[in-house]
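S.K.: Okay, here's the structure, questions in a sec.
The values are calculated or read from the model by the stated rules, or taken from the named source; none is laboratory data. In this text the structure is predicted, and so the values were computed from the model without any measurement. All Cβ positions, glycine included, derive from the backbone under ideal geometry; neighbour counts span all protein chains shown. These accessible areas exclude ligands, DNA and RNA; they are computed on the full protein's heavy atoms, side chains included. Shrake-Rupley method; radii C 1.70, N 1.55, O 1.52, S 1.80 Å.
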Amino acid sequence: MNHILSNKNFNIALLGGGQLGKMFLAEGRRLDININVLDPNADAPSRLSANYFQVGDFKDYDTVLEFCSGMNAVVIEIESVNVDALQTLEKNGIPCFPPSDVLNIIQNKAKQKRFFRKKKFPTSNFESFSNLKALKEAIKNGQQKFPFVWKISEGGYDGFGVKIVKTEKDISKLDDGPCITESFVDIDKEIGVVVTRSLDGDISAFPPVEMEFHSNANQVEFVICPTEISDDLSKSCTEIALSVAESIGTFGLLAVELFILKSGEILLNEMAPRPHNSGHLTIEACNISQFEQLLRCACQLPIGKIELLSPAVMANIVGAENHNGPVEFIGLDKALSIPQTTLHLYGKSQTRPFRKMGHVTSTGKSVHEARERAKEFKSLLKIRSRTI
Ligand code: ADP
């Protein structure tokens, strides 16, 4: 085999330079692969470990085309990149992870839900609206009933862009723009499965994880592996995730989020065609991480056979409420004394309420032990701003 790692000129373009990029770069460094990063923010988390870092807009067609031309593969770490530019690059023979047609569907929640419906994957009922006015009209004439979940069609992340609407009063909290409404479903557990699919169709899934949400922020607080769900449910979640990845025909990573309802039914929530928060614990808990799997796909190296080495819990470390401004870490010395914990900081200089500033992964003999460590770590470390 003509081994890509011996080809010094092999170059990957990474669109987006946030924390996902930073962790991807760490694997690139370890395996000696050149990674070139494009991000609009000169202070982006990936700036230090990139082989080459360029400030530029990954939403702009010409900028993306110019940046990626001559590269051997293109990888994204954020969904909002210019899809038309990826399509042109593919026509020019540069593989993109994910392919442009997959990204085109996933960028938009209405298109994602239509895809699930067309392919008969189980998902909650939904309607799409071109703007808030159209949604308000549907409410007025009784077509849209309360309660429902409102989601902005494009650009939402980490719960920003999702609102539970119970009564007329909640409508004032919604932003204008294309949106979907979903029927409010009775969730028991939220499960994530990260799938890897190589260019030659090899496919494998990381073990399902359970995502536990912070009650105020509508944001994941803990990710737990293995889950406590039954083997049958776990197998079904994995099968659905593998089947979605094959059906949409993606390459690289696909993070699939599922709901297990109180009734026991499994529904697909959404998917992300890139490394995902629910896969961060694979760095410490598995023999191969989600980032290395993606790197192997991009380099056309065989993807790894996944083994879970230890129970693990990941906790997001987010900015404290009411704190905006230059970041300050308080209690780090005490937190770092907890055994079997690994801290990842994202290098963001400014904190905001619930902004993801880092995460900690803890391992242990049991999920319970790992969880206690992660909880203690989180309670000891506070992320504040120096000026309130
Ligand atoms: P994001 O893309 O911001 O992560 P999600 O679509 O995952 O948005 O929604 C965020 C959270 O809102 C979910 O993890 C879940 O807790 C809740 N949620 C989303 N859709 C529904 C629904 N149809 N019914 C009940 N809760 C929901």
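S.K.: Is there a residue being within 14 Å of the ligand (Cβ to nearest atom), closer than 26 Å to Ser243 by Cα and either in contact with a Pro (Cβ under 7 Å, 6 or more places away or on another chain) or open to solvent by less than 30 Å² (accessible area, probe 1.4 Å) (or both) anywhere in region 164-180?
M.R.: yes
S.K.: When you go through Leu242, Leu309, Leu253 one by one, which is the residue that is away from the ligand (no atom under 15 Å from the Cβ), farther than 30 Å from Arg114 by Cα and hydrophobic (A, V, I, L, M, F, W, C)? Before the answer, list the steps.
M.R.: Numbers: Leu242 fails: farther than 30 Å from Arg114 by Cα; Leu253 fails: farther than 30 Å from Arg114 by Cα.
After applying the criteria, what remains is Leu309.
S.K.: Based on this model, can you work out whether Asn104 counts as under 25 Å from Glu257 (Cα atoms), open to solvent by 10 Å² or more (accessible area, probe 1.4 Å) and touching a Phe, Trp or Tyr at 6+ places or on another chain (Cβ under 7 Å)? Spell out how you get there, then give the answer.
M.R.: Working: under 25 Å from Glu257 (Cα atoms): yes; open to solvent by 10 Å² or more (accessible area, probe 1.4 Å): yes; touching a Phe, Trp or Tyr at 6+ places or on another chain (Cβ under 7 Å): no.
No; evaluated as a whole, the condition is false for this residue.
S.K.: With the condition kept exactly as written, say whether any residue in region 56-65 is in a helix (DSSP H, G or I), buried (at least 22 other Cβ atoms within 10 Å of the Cβ) and not acidic (Asp, Glu).
M.R.: Going through region 56-65, the residues in a helix (DSSP H, G or I) turn out to be 61-65.
Keeping just the survivors that are buried (at least 22 other Cβ atoms within 10 Å of the Cβ) gives 64.
Within this subset, residues satisfying the condition of being not acidic (Asp, Glu) are 64.
The answer is yes, given that some residue of region 56-65 is in a helix (DSSP H, G or I), buried (at least 22 other Cβ atoms within 10 Å of the Cβ) and not acidic (Asp, Glu).
S.K.: Scan (1) open to solvent by 60 Å² or more (accessible area, probe 1.4 Å); (2) over 21 Å from Glu228 (Cα atoms) for the single condition His368 breaks and write down its number.
M.R.: (2)
S.K.: Restricting to region 175-188, give me the number of residues that are touching a helix residue (DSSP H, G or I) at 6+ places or on another chain (Cβ under 6 Å) and assigned to a loop (DSSP other than H, G, I, E, B).
M.R.: Counting residues in region 175-188 that are touching a helix residue (DSSP H, G or I) at 6+ places or on another chain (Cβ under 6 Å) and assigned to a loop (DSSP other than H, G, I, E, B) gives 1.
S.K.: Looking only at region 265-295, which residues are farther than 12 Å from Phe206 by Cβ, over 15 Å from the mean Cα position of the chain (by Cα) and assigned to a loop (DSSP other than H, G, I, E, B)?
M.R.: Glu265
S.K.: For Asp200, only one of the following conditions fails: (1) open to solvent by 60 Å² or more (accessible area, probe 1.4 Å); (2) touching a Ser or Thr at 6+ places or on another chain (Cβ under 9 Å); (3) not aromatic (Phe, Trp, Tyr). What is its number?
M.R.: If we test Asp200 against (1) open to solvent by 60 Å² or more (accessible area, probe 1.4 Å); (2) touching a Ser or Thr at 6+ places or on another chain (Cβ under 9 Å); (3) not aromatic (Phe, Trp, Tyr), just (2) comes out false.
S.K.: Any residue in region 216-236 that's in contact (Cβ under 8 Å) with a residue 24 or more places away in the chain: show its pairings with residues that are in a loop (DSSP other than H, G, I, E, B) and basic (Lys, Arg) at Cβ separation under 6 Å, as long as the two are six or more apart or on different chains.
M.R.: Matching pairs, first to second residue: none at all.
S.K.: Here's another thing I want to ask about it. Does Val74 meet the test of being more than 16 Å from the ligand (Cβ to nearest atom) and open to solvent by less than 20 Å² (accessible area, probe 1.4 Å)?
M.R.: Yes, satisfied.
S.K.: In this structure, is Phe129 touching a helix residue (DSSP H, G or I) at 6+ places or on another chain (Cβ under 7 Å) and either open to solvent by 30 Å² or more (accessible area, probe 1.4 Å) or closer than 18 Å to Phe259 by Cα (or both)? Spell out the reasoning first.
M.R.: On the way: touching a helix residue (DSSP H, G or I) at 6+ places or on another chain (Cβ under 7 Å): yes; either open to solvent by 30 Å² or more (accessible area, probe 1.4 Å) or closer than 18 Å to Phe259 by Cα (or both): yes.
Judged against the criteria, Phe129 is a match.
S.K.: Here is a further query. Look at region 204-228 and say how many of its residues are away from the ligand (no atom under 16 Å from the Cβ) and surrounded by 15 or more Cβ atoms within 10 Å (Cβ to Cβ).
M.R.: Qualifying residue count, region 204-228: 6.
S.K.: Another one. For region 355-362, indicate whether the set of residues that are under 26 Å from Asn41 (Cα atoms), under 23 Å from the mean Cα position of the chain (by Cα) and open to solvent by 50 Å² or more (accessible area, probe 1.4 Å) is non-empty.
M.R.: Yes, because at least one residue in region 355-362 is under 26 Å from Asn41 (Cα atoms), under 23 Å from the mean Cα position of the chain (by Cα) and open to solvent by 50 Å² or more (accessible area, probe 1.4 Å).
S.K.: Is there any pair linking a residue in region 150-165 that is farther than 21 Å from Lys136 by Cβ to one that is more than 7 Å from the ligand (Cβ to nearest atom), with Cβ under 6 Å and at least six apart or on different chains, and which?
M.R.: Close Cβ pairs (under 6 Å, with a partner that is more than 7 Å from the ligand (Cβ to nearest atom)) amount to Asp158/Gln219; Gly159/Gln219.
S.K.: Answer yes or no: is there a residue in region 168-176 that is out of contact with any Lys or Arg (no Cβ under 8 Å at 6 or more places or on another chain), of a type in the set (S, T, N, Q) and modelled with pLDDT under 95.
M.R.: Yes, region 168-176 contains a residue that is out of contact with any Lys or Arg (no Cβ under 8 Å at 6 or more places or on another chain), of a type in the set (S, T, N, Q) and modelled with pLDDT under 95.
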